[in-house]
Amino acid sequence: MSEAIFGIHGAALEVRSQRMGVLASNIANAATPGYKARDIDFAAALDDRLTRGGDGATVDMFSGADAHTLYRAPTMPTLDGNTVELNREQLAFAENALAYSATLSFVQGKVNTLTRALQGE
Amino acid sequence: MPEARPMTMFSLTQKAMSAQMVRMNAATSNLANAGSVASSEAEAYRPIRAVFTTELDRASGLASVRSDGLMRSETAPTKRYDPGHPLADADGHVWEAPVDESAEMVEIMESARQYQNMVQALQTAKQLMLETLRSK
């Protein structure tokens with residue numbers, strides 16, 4: 001149902017939200033020895049969600065992106081085994097937040113269109 | 001320690017901030033004890049460090065951080081000859097705490113920076129959540 005109304009944007013919003021959590025985890029663990037930074041391959045996760053959620057089956061919220069969570073390759077290895085590079089994570093976080101905002105405005109636009117059609121003004 | 005409720009952005013940030021607070025308190029304690037002396041090697045103050053471990057929440061895919069207690073460093077105290085000191089032992093030696101002030105300052109600065117990062121990330125996330133909530 002929601003797939004028919006929002007198209008790609010509903011799924012994209014969920015993946016964006018999840019990616020935000022993963023990036024925040026990286027920032028939180030910037031000083032944890034041995035922590036490996038992770039990131040979601042957005043395109044692959046979105047593809048997966050769309051193909052699996054298309055037949056109306058309920059998709060587990062996190063199963064789709066879990067398979068597409070990859071470890072980040074560090075620019076330079078550190079002695080304590082931590083691969084978080086704060087500048088990179090912050091940049092990815094900002095980019096992701098912006099994309100979330102964009103997707104959200106698409107969803108809102110869709111809702112506005114529908115509301116206007118229902119009201120028949 | 002497994003948690004009953006799933007981890008959210010808020011609990012994740014709260015845990016990360018607590019961990020940074022423990023780290024900053026440890027560094028401040030070290031700074032406060034810099035230059036303190038004792039009359040034997042065993043009694044001298046040794047710097048403490050917070051140890052961080054990751055806490056992964058499988059249900060939500062979020063990874064928070066936990067401070068797994070404090071670790072005392074193995075650095076040997078500095079032996080100084082000061083026979084006039086009231087705490088000096090029979091040979092006239094006092095044992096000074098092996099605190100590296102600049103290292104502790106750097107530790108505090110790094111901790112503050114990471115704390116700031118976390119706050120900023122939460123602010124952005126919260127703002128986006130509010131925007132989503134307010135959309136009609």
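Numerical summary
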quantity: Top positive-direction residue, dipole computed over the protein assembly as shown with Cβ charges, set A:82, B:127, B:35; calculated: B:127
quantity: Acute angle (nearest 10 degrees) that the helix B:101-134 long axis makes with the longest principal axis of chain B, alpha-carbon atoms; calculated: 10 degrees
quantity: Calculated from backbone phi, Karplus (6.51, -1.76, 1.60) coupling profile of region A:66-78 in Hz, x at Gly/Pro; calculated: 4, 6, 9, 8, 10, 7, 7, 8, x, 5, 9, x, 10
quantity: C-alpha center-to-center spacing [region B:46-108, region A:69-121] in angstrom; calculated: 39 Å
quantity: Virtual spin-label span in nm between residue A:121 and residue B:119, 7 Å along Cα→Cβ; calculated: 4.2 nm
quantity: Cα long-axis angle, helix A:42-53 against chain A (0 to 90 degrees, to the nearest 10); calculated: 40 degrees
quantity: Degrees, to the nearest 10: A:8-28 long Cα axis against longest axis of chain A; calculated: 20 degrees
quantity: Efficiency of FRET between residue A:3 and residue A:86 - r from beta-carbon atoms, R0 45 angstrom, step 0.05; calculated: 0.75
quantity: Charge dipole of chain B about the Cα centre (unit charges at C-beta), most positive-ward option of B:73, B:26, B:111; calculated: B:111
quantity: Overall Cα dimensions of the protein assembly as shown, principal axis frame, Å, largest first; calculated: 96, 36, 35
quantity: Dipole moment magnitude, nearest 20 debye, the protein assembly as shown about Cα centre, only Lys, Arg, Asp, Glu C-beta charged; calculated: 980 debye
quantity: Calculated FRET efficiency for the pair residue A:66/residue B:76, C-beta based, R₀ 45 Å, to 0.05; calculated: 0.40
quantity: Region B:9-134, dipole about Cα centre (Lys/Arg Cβ +1, Asp/Glu Cβ -1), debye to the nearest 20; calculated: 800 debye
quantity: With at most 15 neighbouring Cβ atoms within 10 Å, loop GluC sites (Glu not before Pro) (DSSP) excluded, longest segment of chain B; calculated: B:75-136
quantity: Per-residue HN-Hα couplings for region A:109-121 [Karplus 6.51, -1.76, 1.60; θ = phi - 60°; Hz; x = Gly/Pro]; calculated: x, 4, 5, 4, 4, 5, 4, 5, 5, 5, 6, x, 6
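Readers should treat all values here as calculations from the given coordinates under stated rules, not as data from a laboratory. Since the model is a prediction, treat every value here as computed from it, not as a measurement. Cβ sites come from the backbone with ideal geometry, for glycine too, and all protein chains shown count toward neighbours.
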